[in-house]
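Scroll down for the structure; my scribbles are underneath it.
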Amino acid sequence: MKLNSIYNKFKAFTLAEVLLVVAIIGITAAIALPNLSQSVDEDKYVMLAKTTYNELDSGFTRMLTNKSLDEIYDDANATTYSAKSKAVVDELSKYIKMGTNCGNNITQCHNSSKKYVEYNGSSIDDKTFGASFSNSAAFTLPSGAVVVYLPETHVYFDVDGVKGPSKKGIDIFDAIINEDGLGTITYNDTEGVMAPEYDILNWVLSIGNMDYLHCNDLNWSTKHQCD
């Protein structure tokens with residue numbers, strides 16, 4: 001009888017201990033989960049940005065190796081900016097697998113009612129990634145990414161299309177058109193300071209993180225992560 005009493009006390013103590021441990025784990029997880037989720041999301045978007053850029057760069061490089069932009073315009077008898085944009089997207093479809101070629105009707109490719117914002121949270125210029133920029137042409141990739149081509153200047157892409165935060169520097173990036181493919185925009189500073197308004201895509205591709213979202217003292221040479 002005495003032995004059973006001791007056993008019961010020991011079993012009750014063990015149960016209480018287990019419950020206490022579970023409670024501590026739950027509290028710790030609740031505190032850590034937001035930061036963990038943020039880190040995982042950023043890693044995911046870094047991967048998506050790299051994959052999307054590489055796919056686009058490969059397509060543009062192969063296309064421009066065979067034809068210059070002027071040759072593409074001439075072959076399509078394209079004289080207006082909107083016609084030139086559509087001609088390039090149509091030609092690019094020969095070199096890259098597209099989901100939907102939306103031509104100049106870019107609202108077919110992305111949700112025009114979404115609010116697009118800059119990396120710092122301010123409203124994004126509608127001409128940057130918006131439905132009213134009538135001179136552009138758009139298409140989607142099988143991955144769901146939305147790509148908007150602005151004639152002779154830029155390619156903007158939303159790596160997860162209608163999903164995600166629709167925020168520049170997380171899922172929206174812009175690249176420039178070179179004679180032989182795509183390139184990234186870089187702010188040349190003698191001190192090597194990272195300028196998010198210019199360097200976002202280049203930073204993601206070469207450094208592989210999005211720490212510019214969390215601190216403003218990153219440096220190309222000496223500081224690649226926030227403290």
- In this model, which of K44/K167; K168/K223; K44/K86; K94/K168; K44/K97; K67/K94 are farther than 20 Å apart at the alpha-carbon? K168/K223; K44/K86; K94/K168; K44/K97
- Task: For the range 174-227 and the range 69-85, compute the distance between their C-alpha centroids and round to whole Å.
- Result: 32 Å
- Note on the structure: With +1 on the Cβ of every Lys and Arg and -1 on the Cβ of every Asp and Glu, the dipole magnitude of the range 141-227 about its Cα centre, in debye rounded to the nearest 20, is 300 debye
- Gain on full stretching of the segment that runs from T65 to S206 - 0.36 nm per residue minus C-alpha separation: 48.3 nm
- Item | Contour excess over end-to-end distance, with Cα ends at D180 and N135 and 0.36 nm allotted per residue | 14.0 nm
- Task: Give the calculated FRET efficiency between Y187 and T80 to the nearest 0.05, with a Förster radius of 41 Å applied to their Cβ-Cβ distance.
- Result: 0.80
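FYI, it's all coordinate maths here, none of it is from the lab. Just so we're clear, the structure is a prediction, and the values are computed from it rather than from any experiment. A quick note on method: Cβ atoms are made from the backbone with ideal geometry, for glycine too, and the neighbour counts reach across all protein chains shown.
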